[in-house]
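The values are calculated or read from the model by the stated rules, or taken from the named source; none is laboratory data. A quick note: this is a predicted structure, and the numbers were derived from the prediction, not measured. We place every Cβ from the backbone using ideal geometry, glycine too, and count neighbours over all the protein chains shown. All accessible areas refer to the heavy atoms of the entire protein, side chains included, with ligands and DNA or RNA removed. Shrake-Rupley method; radii C 1.70, N 1.55, O 1.52, S 1.80 Å.
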Amino acid sequence: MINFVTQYLDASAITYPDHIAFEEPGKRETFKSFREKSIAIGTGLAKAGMFKSPVLVYMRKGVDCLSAFMGAAYSGNFYTPVDVSTPAERINKIVEVLRPKAIISEEALLENVGELKHDARVFTFEELAAENGGEALIENALSRLIDTDLLYVLFTSGSTGTPKGVAICHRSVIDYTEWVVDTFKIDQADVFGNQAPFYFDNSVLDIYSAMKTGATVNVIPEKKFTFPIELLKYMVEYKINTIFWVPSALCVVANLKALQAAEELPPLKRILFCGEVMPNKQLNVWRRHFKDALFANLYGPTEITDVCTCYMVDREFTDDEPLPIGKPCRNTDILVLTEDNRLAGPDEIGELCVRGSSLAMGYYGNPEKTAEAFVQNPLNLCYPEKIYRTGDLVKYNECGEIMYLSRKDFQIKHRGHRIELGEIETAAGAIPGMETVACLYDTKRSRIVLFHRGKAGREEIFSSLSKKLPEYMIPERFIELEEFPYNVNGKIDRVKLKDYL
Amino acid sequence: MEKIILEILSDLQPGRQFTESSDFIADGYLDSFDIVSLISELEAEFSVIISAADIIPENFMSVDAMCELVKNSEKV
């Protein structure tokens with residue numbers, strides 16, 4: 001019985017010891033060497049007496065990050081990756097919630113770690129990787145762990161400005177990985193081209209399905225995505241045959257006409273995507289170039305371990321039709337609930353709610369927010385049973401597939417990232433001289449627009465927000481208003497503001 | 001033309017000192033989304049079509065390089 005994800009790695013290190021597990025330009029780890037490194041990291045953490053404790057991984061994206069994650073798992077701890085390019089002010093908000101016991105970083109980044117307000121013990125990856133002789137310590141740690149103990153905590157945007165930490169246990173990742181591997185028939189010959197940042201849970205699919213099956217994950221350098229022709233050349237060179245990307249990455253490749261212009265196309269067998277709405281216009285470009293590949297639209301928030309519904313693209317769509325998000329994954333139940341908590345009938349709109357082993361344990365250190373989103377199943381009055389309310393409004397189409405319609409609140413998806421517009425407004429409103437702000441999403445042009453009034457100028461706002469927010473949350477258009485429109489309740493009239501876009 | 005390109009760039013990232021960099025790509029000023037917006041702005045502003053094969057780092061590293069790119073692109 002598999003209880004911990006580390007068992008996937010143990011098995012693959014025995015069956016495929018010399019197979020490449022993870023690679024990037026200039027670095028590769030076989031399953032055997034990757035496991036050894038992970039055990040070394042785990043040994044260091046266990047020797048420091050850490051168990052069931054949060055480990056912040058503050059490293060540049062790459063193969064070594066993954067050993068740090070597995071080191072945390074082997075020692076019975078759990079990991080939180082953060083983006084090293086995110087301003088210290090926001091990482092400090094994460095640190096405040098997580099209160100990590102250990103921070104794993106690199107020599108070159110220690111100065112940045114010094115800017116964080118923490119009481120953790122700081123390790124460099126290099127010093128931990130040099131540990132040895134810890135197999136017994138690891139065995140002991142895992143013997144005290146159960147499958148509902150945490151594997152990772154990933155942070156998402158929160159409307160009040162405090163990010164929420166979604167706490168996921170081993171059981172949920174195993175439940176998900178088994179489904180992925182069976183559904184998409186992943187095996188040891190496959191090569192994933194990883195695009196998702198590790199602080200984004202799409203990466204869970206790449207990492208753990210490869211670890212289970214002996215497949216290879218190629219961590220594609222982020223810079224390759226800027227120039228799609230080079231990206232495609234890279235994918236040919238590394239024989240990448242499976243990708244699970246955020247739609248905006250697929251769209252960039254299609255919009256820049258790279259598939260037409262490339263000398264050779266990569267040998268793609270599976271093209272999966274998740275994280276935001278995939279427009280058929282760009283998907284059709286991909287489908288024309290990869291006629292034999294499997295395309296699947298996956299859907300799900302971080303709170304239910306990456307994915308809860310799946311649509312295998314099985315028919316033609318015109319450019320302006322929406323793509324279904326499909327049907328529930330195995331061992332997952334989807335309830336579409338109306339406002340009065342009934343199951344929605346045909347053509348009725350309801351909120352997508354999820355039931356299953358995939359549910360997060362809650363928001364780390366935040367019982368209030370947990371209680372709001374993880375609630376008793378209103379259809380079950382007999383025993384405690386949690387469902388997760390996604391806040392996404394959906395309905396069924398005539399084929400019984402779920403169609404995504406919109407959000408219930410001000411949350412948006414931009415470049416695949418979940419963003420609470422309120423978090424941007426909070427940050428912008430705090431700039432000295434700022435009187436009124438409102439943030440809107442221009443869905444047609446896929447950009448964040450900030451309306452502002454006050455003494456602060458555009459350049460000042462831009463530079464101030466750059467110090468507080470990750471890059472993908474910085475507005476791409478600034479509109480200064482002499483007067484804001486208000487509705488009868490005295491609130492900013494967001495519908496009127498839309499006319500200014 | 002240089003002036004207009006600089007304006008387009010500063011609309012993308014207000015306050016960024018584009019004149020201080022000799023290689024926007026190496027300095028990490030422009031990501032894939034910036035390139036997409038930049039191309040559509042350049043195409044609209046100068047009535048050209050930028051071919052996919054020209055979307056390579058060398059053509060976007062500086063304002064001069066972008067001027068050359070626009071001059072060598074097909075007119076609509």
Taking only C-alpha pairs under 8 Å that are 6+ residues apart, what is the relative contact order of the range A:210-297 in percent? 29
The distance between the Cα centres of the range A:37-64 and the range B:43-62, in whole Å, is 45
Under 13 Å from the Cβ of B:VAL48, count the other residues' Cβ atoms, weight Lys and Arg +1, Asp and Glu -1, and hand me the total. -4
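What is the magnitude of the charge dipole of the range A:1-61 about its Cα centre, with +1 placed on the Cβ of each Lys and Arg, -1 on the Cβ of each Asp and Glu, and no other charges, expressed in debye to the nearest 20? Don't jump to the answer; show the numbers that get you there.
Values: 9 positive and 6 negative charges, 54 e Å.
It works out to roughly 260 debye.
Would you mind calculating the relative contact order of the range A:267-348 from Cα pairs under 8 angstrom and at least 6 residues apart, reporting the percent as a whole number? List each step's numbers first, then the result.
On the way: 114 pairs, mean separation 21.5, N = 82.
That works out to 26 percent.
Show that you can apply the helix-only estimate: for the protein assembly as shown, add -39,500 (n - 2.57) for every DSSP H stretch of four or more residues, divide by all residues, and state [θ] at 222 nm to the nearest 500.
Numbers: 20 runs with 194 residues, N = 577.
Calculated at 222 nm, the ellipticity per residue is -10000 deg cm²/dmol.
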Peptide-level mean, for A:245-252, of C-beta atoms on other protein chains within 10 Å: 2
What relative contact order, as a whole-number percentage, does chain A give when Cα pairs under 8 Å and 6 or more residues apart are counted? 12
With a 1.4 Å probe and all protein chains kept in place, how much accessible area does A:VAL394 have, in Å² rounded to the nearest 10? 0
What is the sum of charges, Lys and Arg at +1 and Asp and Glu at -1, for the other residues whose Cβ falls under 11 Å from the Cβ of A:MET312? +1
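Just to verify a number: FRET efficiency for A:VAL277 and A:TYR500, C-beta to C-beta distance, R0 = 30 Å, to 0.05? Don't skip to the end; give the middle numbers.
Values: r = 24 Å, r/R0 = 0.79.
So the FRET efficiency works out to roughly 0.80.
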Viscosity 1.002 mPa s, temperature 20 °C, Stokes-Einstein D of the range A:347-456 from Kirkwood C-alpha radius, µm²/s: 127
Average other protein chain Cβ within 10 Å of Cβ, residues A:223-231: 5
Where does helix B:32-46 land angle-wise versus the long Cα axis of chain B, in degrees 0 to 90, nearest 10? 50
With no solvent and one point per C-alpha, what does the Debye sum give as log10 I(q)/I(0) for the range A:48-114 at q = 0.12, 0.14, 0.27, 0.28 Å⁻¹? -0.28, -0.38, -1.31, -1.36
Please compute the average number of Cβ atoms from other chains found within 10 Å of each residue's Cβ in peptide B:27-37. 6
To the nearest 10 Å², what's A:ARG330's accessible area with a 1.4 Å probe? 120
Charge dipole (debye, nearest 20) of chain A; +1 at Cβ of Lys and Arg, -1 at Cβ of Asp and Glu: 220
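Would you work out if the protein assembly as shown is rounded, prolate or oblate? Take a ≥ b ≥ c from the square roots of the eigenvalues of the alpha-carbon gyration tensor; rounded if a/c is under 1.5, else prolate when a/b is larger than b/c, oblate otherwise.
Details: a/c = 1.33, a/b = 1.22, b/c = 1.09.
It is rounded, given that a/c, with a ≥ b ≥ c, falls under 1.5.
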Charge sum, other residues only, whose C-beta stays under 12 Å from A:PRO267's C-beta, Lys/Arg counted +1 and Asp/Glu -1: -1
Is the range A:11-75 best put as rounded, prolate or oblate by its Cα gyration tensor, with a ≥ b ≥ c the root eigenvalues, rounded for a/c under 1.5, and otherwise prolate when a/b is larger than b/c, oblate when not? oblate
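Greater than 26 Å separation of Cα atoms is the criterion. Which listed pairs, A:LYS327/A:LYS386; A:LYS164/A:LYS444; A:LYS52/A:LYS117, meet it?
Values: A:LYS327/A:LYS386 20 Å; A:LYS164/A:LYS444 28 Å; A:LYS52/A:LYS117 21 Å.
Listed pairs above 26 Å: A:LYS164/A:LYS444.
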Compute, for B:LEU12, the solvent-accessible surface of its heavy atoms (probe 1.4 Å) with the complete set of protein chains present, and express it in square angstrom to the nearest 10. 40
Most positive-pole-ward Cα, A:ALA360, A:THR148, A:GLY76, against dipole of chain A from beta carbon charges: A:ALA360
Overall Cα dimensions of the range A:413-466, principal axis frame, Å, largest first: 31, 18, 17
For the protein assembly as shown, the charge dipole (Cβ of Lys, Arg +1; Cβ of Asp, Glu -1; about the Cα centre) points to a positive end, and the Cα of A:ALA108, A:SER463, A:ASN331 closest to that extreme belongs to A:ASN331
Dipole of the protein assembly as shown, positive end: most advanced residue of B:SER62, A:ILE240, A:ILE41 [Cβ charges, Cα centre]: A:ILE41
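So how do B:GLU45, A:GLU222, A:GLU471 rank on accessible area, 1.4 Å probe, biggest first, that is with the largest at the start? Please report the intermediate quantities before stating the final value.
Values: B:GLU45 100, A:GLU222 155, A:GLU471 125 Å².
From most accessible down to least: A:GLU222, A:GLU471, B:GLU45.
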Under 18 Å from the 7 Å Cα→Cβ point of A:ASN487, by amide nitrogen: which residues of the range A:394-421? A:406-412, A:421
Gap separating the Cα centres of the range A:422-501 and the range A:65-113, nearest whole Å: 31
Please give the total accessible area that chains A and B bury against each other, computed with a 1.4 Å probe and expressed in Å² to the nearest 100. 1800
